[in-house]
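Working notes, beginning with the structure itself.
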Amino acid sequence: CILEVSGRHLQATDLVKVVGAAENCSAPQVVSGFFRSLLMADPRKTTGDLATFELGRVTAAGSFVICYCASLGGCDQAAEYSHTAGVLTILEPLVGISLASATAVSLTVAVAARVSSNSSRIRCAVAEFEPRYLP
């Protein structure tokens with residue numbers, strides 16, 4: 001997950017913090033479901049009017065507030081995260097899965113997703129209660 005924040009006089013030393021949707025920006029950052037939820041801008045991709053933040057893999061779902069700290073004071077106090085940069089809403093990409101057909105040797109499932117991509121993959125595994133495992 002990559003966040004891009006636009007503004008004026010942004011710096012690579014600015015930080016963002018992700019907090020719960022019901023929280024204000026002085027709350028602690030969310031930890032569960034985020035690889036990084038308190039991070040500095042990517043210096044390779046940040047200009048004076050655009051700051052880029054790479055949260056990494058996010059497994060959480062729901063809405064979260066993105067709090068911004070201009071690095072003028074060091075961003076070492078909760079009160080320095082005084083600007084709400086926006087709201088991040090993460091949806092479960094899998095909408096539905098249903099059995100399309102089945103025979104003794106094959107199974108076809110129909111999958112509906114919110115993400116349209118030819119590079120998406122679904123991993124399948126034999127369930128624990130299978131009488132035998134297929135090679």
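Might you let me know whether segment 83-99 holds any residue that is within 17 Å of Q11 (Cβ to Cβ), under 21 Å from the mean Cα position of the chain (by Cα) and surrounded by 11 or more Cβ atoms within 10 Å (Cβ to Cβ)?
Looking through segment 83-99, at least one residue is within 17 Å of Q11 (Cβ to Cβ), under 21 Å from the mean Cα position of the chain (by Cα) and surrounded by 11 or more Cβ atoms within 10 Å (Cβ to Cβ).
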- Item | When residues of segment 44-59 are limited to those that are exposed (fewer than 11 other Cβ atoms within 10 Å of the Cβ) and more than 20 Å from the chain's Cα centre (by Cα), the one farthest from D14 (Cα to Cα) | R44
- Tell me which of these A104 doesn't satisfy, since it passes every other one: (1) part of a loop (DSSP other than H, G, I, E, B); (2) open to solvent by less than 80 Å² (accessible area, probe 1.4 Å). (2)
- Query: Which one is farthest from T84 (Cα to Cα) among residues in segment 23-62 that are among the β-branched types (V, I, T) and either in a loop (DSSP other than H, G, I, E, B) or free of Cβ contacts under 8 Å to residues at least 12 places away in the same chain (or both)?
  - Reply: T59
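Within segment 2-22, take every residue that is among the charged types (D, E, K, R) and outside any strand (DSSP E or B) and give me the one that is surrounded by the most Cβ atoms within 10 Å (Cβ to Cβ).
Selected residue: D14.
The values are calculated or read from the model by the stated rules, or taken from the named source; none is laboratory data. As the structure is a prediction and not an experimental result, all values here were calculated from the model. Backbone-built Cβ (ideal geometry, glycine too); neighbour counts: all protein chains shown. Just the protein is used for accessible areas: all its heavy atoms, side chains included, with ligands, DNA and RNA removed. Shrake-Rupley method; radii C 1.70, N 1.55, O 1.52, S 1.80 Å.
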